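K.L.:
What follows is a structure written as C-alpha cells; I'll ask about it next.
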Amino acid sequence: MAEYKEIKTKWYYDACTLDEAIYKDIVIEVTNKHNPKLAVLSYLALGEAYGNLFNKKGQDEMDAFTGFLQLLKNKKHIIVVGNDEIDEVLEKIRPFFDRASLTDSIHVATAIVNGCSNVLSGDRDINGIGKEKKEKIKKVAVRYGVSDFCITRLKL
C-alpha cells in the first residue's frame, strides 16, 4: 500500500462529489495500486457536505459519510486542508467564473494552492465554465506549479 507521503497525484473533491452513491467509486479510484491518488478535501467541502446531509438526508447518511472518510483515512489516501492562503490564486481565477458562486471559486483556488492536478465536481456551475476559461485557469495553475491541472465533471 502506498503511504500518504509517497502518493504524488492529488485530486480535489468538492462537496457535490461527496455523495453516498459514489463513495465506493472514490475509494476504488484513489486506492488504485498502479496510480494511487490522494483525495484532498477542504474544510469548506466537508462543511457543505455535512450540511447537505443534515438538511436533506439524515443521520444514517451522515454516518455513512463519516465511515467513508474513516476508510480513506485508514488507507492513508486522504488529507483535509484549510482554505487559507488562497487569496492570490482566488483573485486571479475569480473572473473566469461568471456563473459560479464564490464558494465554487474557493474550491478551485484551494485545489491549485494544494497542488491538486484534478478538481472533481458534480456542480454544474464549476463544470459549466467554458473550455477557454478552463484553459485560462490551467495557466494560473501552471504558474503555481500544477502543470497537469484540469476540472473533471463527475456524474452522480
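Coordinate-derived values only; no laboratory data. Fair warning: this is a prediction, and the values are worked out from it, not measured in the lab. Using ideal geometry, Cβ is built from the backbone for each residue, glycine included, and neighbour counts are taken over all protein chains shown.
K.L.:
Mind scanning LYS37/LYS136; LYS10/LYS133; LYS8/LYS76; LYS10/LYS57 and naming the pairs with a C-alpha gap bigger than 18 Å?
P.N.:
The pairs that break the limit, which is 18 Å between Cα atoms, are LYS37/LYS136; LYS10/LYS133; LYS10/LYS57.
K.L.:
Here's another thing I want to ask about it. Taking the Cα-to-Cβ direction at GLU91 and at GLN70 and moving 7 Å from each Cα, how far apart do the two end points lie in nm?
P.N.:
The answer from the label model is 4.3 nm.
K.L.:
Extension gain LYS139-ASP60, at 0.36 nm per residue separation less the Cα-Cα distance, in nm?
P.N.:
24.3 nm
K.L.:
Which distance in nm do the two modelled labels at HIS34 and ASP148 give, with both placed 7 Å along the Cα-to-Cβ direction?
P.N.:
1.4 nm
K.L.:
Under the rule that an exposed site lies in a DSSP loop and has at most 15 other Cβ atoms within 10 Å, name the longest stretch of the chain with no GluC sites (Glu not before Pro) of that kind, not counting the sites themselves.
P.N.:
4-84
K.L.:
Rounded to the nearest 0.05, what FRET efficiency do TYR50 and LYS8 have when you use their Cβ-Cβ distance and R0 = 22 Å?
P.N.:
About 0.15, to the nearest 0.05.
K.L.:
Follow-up question, since we're still on this one. Tell me, what is the percent relative contact order of the chain, built from C-alpha pairs under 8 Å that lie six or more residues apart?
P.N.:
Relative contact order comes out at 28 percent.
K.L.:
Do the sum for the chain: with -39,500 (n - 2.57) for every DSSP H run of n ≥ 4, divided by all residues, what is the mean residue ellipticity at 222 nm, to the nearest 500 deg cm²/dmol?
P.N.:
Result for the chain: -14000 deg cm²/dmol, rounded to the nearest 500.
K.L.:
If one takes the longest principal axis of the Cα atoms in the chain, at what angle in degrees, from 0 to 90 and to the nearest 10, does the Cα axis of helix 43-56 lie?
P.N.:
60 degrees
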